[in-house]
Amino acid sequence: MNILIVDDDEMVRYVLTEKLSESGFFTTAAHDGQSAVELFRERTFDAVLLDLKMPGMDGIETLKELRKHDPDIPVIMVTAFGDIATAVVAIKLGAYDFVEKPPQISRIVVTLRRAIEKAALEREVRALGKNVEESAALKLAYEKLKELDKVKTTFLSSVSHELRTPLTSIIGYAEISRKKLVKIIPELVGGDPKITKKILQVDENLEILVSESERLAGLIESILDLTAMEAGTAEWRWEPLSLREVIENIAAAFGATFKEKGLEFVVAIEDDLPLIKGDRNRISQVINQMLSNAAAFTDQGRVTCGAKRVGNDIVLRIADTGRGILASRHGVIFEKFSQIGDTLTDKPKGVGLGLPLCRLIVGYHGGKIDVESEPGKGSVFTIVLPVEREDEL
Ligand SMILES: Nc1ncnc2c1ncn2[C@@H]1O[C@H](COP(=O)(O)OP(=O)(O)OP(=O)(O)O)[C@@H](O)[C@H]1O
Ligand SMILES: [Mg+2]
């Protein structure tokens, strides 16, 4: 600990320096207030022993200067016998304590230690206070962010609602127009190949209009689903559920898709798979998404969909030999709209809501979804769902 001793009396300086060094302090001595202030500017001290009565700049003035420079520095005044009134003034100005001359070393040592400890504690308390303030500010910022996120979600969901109705009309009218067109083509053209070709083109355009609108409607449904789930307002219909039944139903529907792409499709479900407690539609949605992703991102090889019991869980494993996913994207793909980033290069069909939805649904079932994948080698998605407990059935 570094102590600055300030006293015009050489003898006092000498004694204090000697004795304090013996007690393990490092000391620096100054013979007047001015040089004390200069020393104080250059170096850091843990405490100051300051003579009250000095020629030139006296103790009180020096104290003021020192505390201007460092308001926390513990200063102990050394007073002449009977000068208590001035010592009290010094304490009012922020001195820590005073000792009377001739200085009693043991008392000074104790006072110094206590003063330094107190100053350290005060610094700590102040730092803690700052931390508390900072964490309060952080909390506020976090609340604000959450609020903004909520506003955004509400906006997204209300806009989506508004889009749904006109879109239904668009799809409806486009479909009716197509039907009418097809019906009246023969009457209209009377065999003219040029007009036939034109009308067929209109029909094709209408077909695109319908399919794109349906895609948009699907997207809107996904957004509404997702926002409702995030807001906790989605409705769930819990029932004892056979995953075998769900998977087999969906797999049957996917058979044609895989065949068309020339992919082998294997479904392997363990016998006597226990039931889970789940929402049939939502779980179907998850399996559906898994298989449609596998189909979309696999050009050759095979897709496997397996289910087995492991302990108190059912583990679903959907594996493909497709293009795979970069390790850096393994976390990102479960985030909303993850695909938007590479839209320009990849021209993907989806928007990247499938996996986030799956993750939310699986989470609501008390389960977990994970991916293992390597570019070029394929992907394995693993979904772990807890088995329904007997007493809950
Ligand atoms: N089996 C897979 N193989 C390779 N990449 C995949 C696979 N499944 C998902 N991905 C990657 O993760 C992204 C996000 O998938 P997700 O299902 O969320 O969105 P999407 O299929 O692109 O669009 P959406 O499902 O909303 O129509 C995909 O765009 C794709 O890049
Ligand atoms: Mg998808």
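For the reader, a short list of remarks on this structure follows.
- Residue exposure sequence - E61, E133 - by fewest surrounding Cβ within 10 Å: E133, E61
- Applying 0.36 nm per residue to the separation of R164 and V380 and subtracting their alpha-carbon distance, the gain on full extension is 74.3 nm.
- Equivalent-ellipsoid semi-axes for the range 247-333 (Cα gyration tensor, √(5λ), whole Å, largest first): 22, 17, 13.
- Between the Cα long axis of helix 105-189 and the first principal axis of the chain there is an angle of about 20°, rounded to the nearest 10.
- Listing F258, F297, F337 from fewest to most neighbouring C-beta atoms within 10 Å gives F337, F297, F258.
- Projected label distance in nm at K53 and V125, using a 7 Å step from Cα toward the beta-carbon: 3.5 nm
- Using the Stokes-Einstein relation with a Kirkwood hydrodynamic radius computed over Cα pairs, the translational diffusion coefficient of the range 68-193 at 20 °C and a viscosity of 1.002 mPa s comes to 93 µm²/s.
- With the convex hull drawn around the C-alpha atoms of the range 238-392, the volume per residue stands at 107 Å³.
- Bridge orientation summary for the range 238-392: considering DSSP beta bridges with both residues in this region, about 80 percent are antiparallel.
- DSSP beta bridge pairing in the chain, given as percent antiparallel to the nearest 5: 55 percent
- Overall Cα dimensions of the range 147-231, principal axis frame, Å, largest first: 64, 16, 15
- Considered as an equivalent ellipsoid built on the Cα gyration tensor, the chain has semi-axes of 83, 27, 20 Å, the largest given first.
- Footprinting exposure proxy for S157, S328 (fewest neighbouring C-beta atoms within 10 Å first): S328, S157
- Loop-located GluC sites (Glu not before Pro) across the range 228-258 with a Cβ neighbour count of 10 or fewer within 10 Å are E235, with loop assigned by DSSP.
- By the Kirkwood approach, averaging reciprocal distances over each pair of separate Cα atoms, the range 2-103 gets a hydrodynamic radius of 13.2 Å.
- Inter-label distance, A141 to I91: 4.4 nm, where each label sits 7 Å from its Cα along the C-beta direction.
- Stretching R67 away from K308 to a fully extended chain increases their span by 79.3 nm, per 0.36 nm per residue minus the current alpha-carbon distance.
Readers should treat all values here as calculations from the given coordinates under stated rules, not as data from a laboratory. This structure is a prediction, so every number in the text was calculated from the model and none was measured. Cβ coordinates were reconstructed from backbone atoms using ideal geometry, including for glycine residues, and neighbour counts include every protein chain displayed.
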